[in-house]
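Enquirer: Structure in structure tokens, see below.
Derivation of every value follows stated rules applied to the coordinates shown; laboratory data play no part. Everything numeric here is computed off the predicted structure, so don't read it as measured data. Glycine gets a Cβ as well: all are built from the backbone with ideal geometry, and neighbour counts include every protein chain shown.
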Amino acid sequence: MNSVGVAWSNSKYTPEQMLWSAVLETALNDALTHKDPAERDRAIRWFRDGGQHFQMVCDMANYEPSFVQTKVLSLVEAEKLKSVH
């Protein structure tokens with residue numbers, strides 16, 4: 001989710017949007033690279049389930065939840081395929 005990094009350097013984002021973008025970035029890093037498999041699975045489930053908290057975080061970061069969900073889950077699948085090979 002490279003667009004999160006763009007948010008940090010783009011002055012049109014409010015400090016609050018940057019904060020919530022950081023929450024998404026942390027969850028993404030957890031879903032892709034957390035050393036504890038249970039924590040990694042929990043982060044993946046958070047994106048996959050797309051519940052109320054996920055949608056609120058996306059809204060506060062000014063991201064479309066379905067877009068974030070689709071992109072992140074495709075990154076997770078790509079990471080799984082890399083680890084199989």
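Enquirer: If R0 is 22 Å, what FRET efficiency do you get for Arg45 and Glu16 from their C-beta distance, rounded to 0.05?
Expert: Numbers: r = 26 Å, r/R0 = 1.17.
Once the sixth-power term is evaluated, E becomes 0.30.
Enquirer: Can you work out ³J(HN,Hα) from phi for every residue in the stretch 55-60, in order, using Karplus 6.51 cos²θ - 1.76 cosθ + 1.60 and θ = phi - 60°, giving whole Hz and x for Gly and Pro?
Expert: 5, 5, 4, 4, 4, 5
Enquirer: Can you pull the percent of Cα pairs in the chain with separation above 17 Å? Walk me through the intermediate numbers first.
Expert: Numbers: 1604 of 3570 pairs.
Tail of P(r) above 17 Å: 45 percent of Cα pairs.
Enquirer: May I pose another question? Just to check I understand the Karplus step: with θ = phi - 60° and J = 6.51 cos²θ - 1.76 cosθ + 1.60, what whole-Hz values come out for the stretch 33-42, glycine and proline as x?
Expert: Rounded to whole hertz, the list is 9, 4, 5, 8, x, 5, 5, 4, 5, 4.
Enquirer: Using the Cα centre as the reference, give the magnitude of the dipole from point charges on the C-beta atoms of the stretch 17-85 (Lys, Arg: +1; Asp, Glu: -1; all else neutral), rounded to the nearest 20 debye. Please report the intermediate quantities before stating the final value.
Expert: Working: 8 positive and 10 negative charges, 40 e Å.
It works out to roughly 200 debye.
Enquirer: For the chain, what does the relative contact order come out to in percent, with C-alpha contacts under 8 Å and a separation of six or more?
Expert: Values: 64 pairs, mean separation 25.2, N = 85.
Computed value for the chain: 30 percent relative contact order.
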